Structures are given as C-alpha cells and as structure tokens.
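See below for the structure under consideration.
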Ligand code: 13P
C-alpha cells in the first residue's frame, strides 16, 4: 500500500495558484508516497496538464451521483475523469453540512465515481457534541457503513477520518484518539470486505494537519496519509507534510 498525501483546496485558488501545485511537484520528483491535490473544478484541467510527467495527481472535491442530465451547476464523475482527475473527495463534512448530503447520497456518488474509474476518498467524522457525548465510534461507523458501497477495493477506496471540530480550527485529537478511530475503521472494513481488502484501503487523517504535527500523526498505526486543507495551499507547508510522510515510510 502506498501512503497518500492529499491536499483539499476547497473553494480556494485561481490560475495564479497553479504555481503552488507545481512547486510541490518539483520538490518531490521521486516521491516515495502518492501526491494528490484536489483543486476547485475550474483548475482540474490546467493542473492535470501542468502536472503531466510529475508524480502529482489531481482530484475533484465532489461529483453528482448521476452520469449526466438536467442538473444545472453539477459535475459528473466522468467529467472529472475527462478533465484529468483520478480521485474525487466525497462526503466531506462541509458538503454534508452546506448541502445536506446524507450517507445514502455519498454512497450513490461513490458508485458513480467508481463507474467512471475514479478512486473515491470518502470522508467521515464526528462533531464535538458527538465526541463529548461518547458517540464518536457509533457516528463514524454509521457513516462508513452507509457511505461505502459494496465492492470496495484498495485501489478505488480511501477513507478520510476528519473530526469536524478539528477542521480549520488548529485543534487536533490526541494520538490515542486518532489511533482509536483508525483501528476501529480498519476493523470495520476488514469485517465487511475481508482482511485482504480492508488492509489495503488507505485511512487518511484530516483536520489541522501542519508540518509541525505531521510526523507525530504519521507515526500512529493505521494512519496511511493525510487529507490536508489550509496547509495544502502553500507549497512550502504541504511539502513539509509530504516530507514527514516520506520519512514515516523510511
Ligand atoms: P484543514 O487542514 O484546513 O483543517 O482542513 C482539513 C480538511 O477539511 C481537509 O479536507
């Protein structure tokens, strides 16, 4: 299994920002880990074109569950693939909150992504109220079961554990809290899909990952990489996180 350093640019970036992505690619020409940036859809083609011949891969941040049709403003999985994406983030907490996305919808989107040949990064994570109520594992377990379709494989499924309260806040769970959730997710995938599949699905941690805390996070068992928001916008910061992930694989 190759570890994965993924950047989620969210609704940030215009043409001028491509230089940051290219600086990341240039800094890791022989990357020992997989490198991915998910820019806004408007930049996918330009980034994928510029990244040709480098280790940098490009992904989308969402897709529609349908293959095509009358859905003004939406983008299909096949369109992302056609634009140069190989991955798509699905069920991010910001989509679940801003757009009311349910586990069932995320599952349908994941099926659409797979049908288009994309690898889906399915996001799960509890709110602070849910953690305080002792419901973290119940919540992420329900999200995992409901959002992941049958037929998962290590090649087409990545899970990102992103506690909602850690996103963009500078707050990070303890290493013990991250380990507990990642161990739980691994066991749940093993139970549903078999260990031969479960152990190949990469489990990313996301939420306030920075160069300064990356090494500690990547040392946690069952953490196979990171999904990075704010720190992925600046090449120097994302590069520092990538270097920490490369160090963790030795
Ligand atoms: P931050 O790294 O900015 O906390 O965002 C995490 C995230 O939501 C990545 O998808």
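Points to keep in mind about this one:
- Candidates 162, 237, 130: whichever shows maximal mean-square fluctuation once the chain is modelled as a Gaussian network with Cα springs under 10 Å: 130
- Volume per residue that the Cα convex hull of segment 28-169 spans, once the total is divided by residue count, Å³: 129
- For a label point 7 Å along the Cα-to-beta-carbon line of residue 183, residues of segment 207-222 with backbone N under 20 Å: 216-222
- GNM result for the chain, Cα springs below 10 Å: residue of 143, 61, 177 fluctuating most strongly: 177
- Each label point was placed 7 Å from the Cα along the Cα-to-Cβ direction; for residue 70 and residue 23 their separation is 4.7 nm.
- Global form of the chain, assessed from the alpha-carbon gyration tensor, a/c cut-off 1.5: rounded
- Residue among 182, 64, 99 with the largest mean-square fluctuation in a Gaussian network model of the chain, springs linking Cα atoms under 10 Å: 99
- For segment 105-144, radius of gyration divided by Kirkwood radius, i.e. Rg to Rh on alpha-carbons: 1.15
- Shape category assigned to segment 10-54 from the gyration tensor of Cα positions, a/c cut at 1.5: prolate
- For the peptides 1-12, 220-231, the ranking by mean Cβ contacts within 10 Å, running from highest to lowest, is 220-231, 1-12.
- Approximating the spin labels as points 7 Å out from Cα along Cα→Cβ, the residue 99-to-residue 45 distance works out to 2.0 nm.
- Segment 98-169: C-alpha gyration tensor shape, a/c 1.5 cut-off, then a/b vs b/c: prolate
- Once the Cα-Cα distance is subtracted from the 0.36 nm per residue extended length, the residue 153 to residue 195 segment shows a gain of 14.0 nm.
All of the numbers you see were taken from the coordinates with simple rules; none came from a lab. Nothing here was measured: the structure is a model prediction, and the numbers come from that model. Virtual Cβ from ideal backbone geometry, glycine too; neighbours counted across all protein chains shown.
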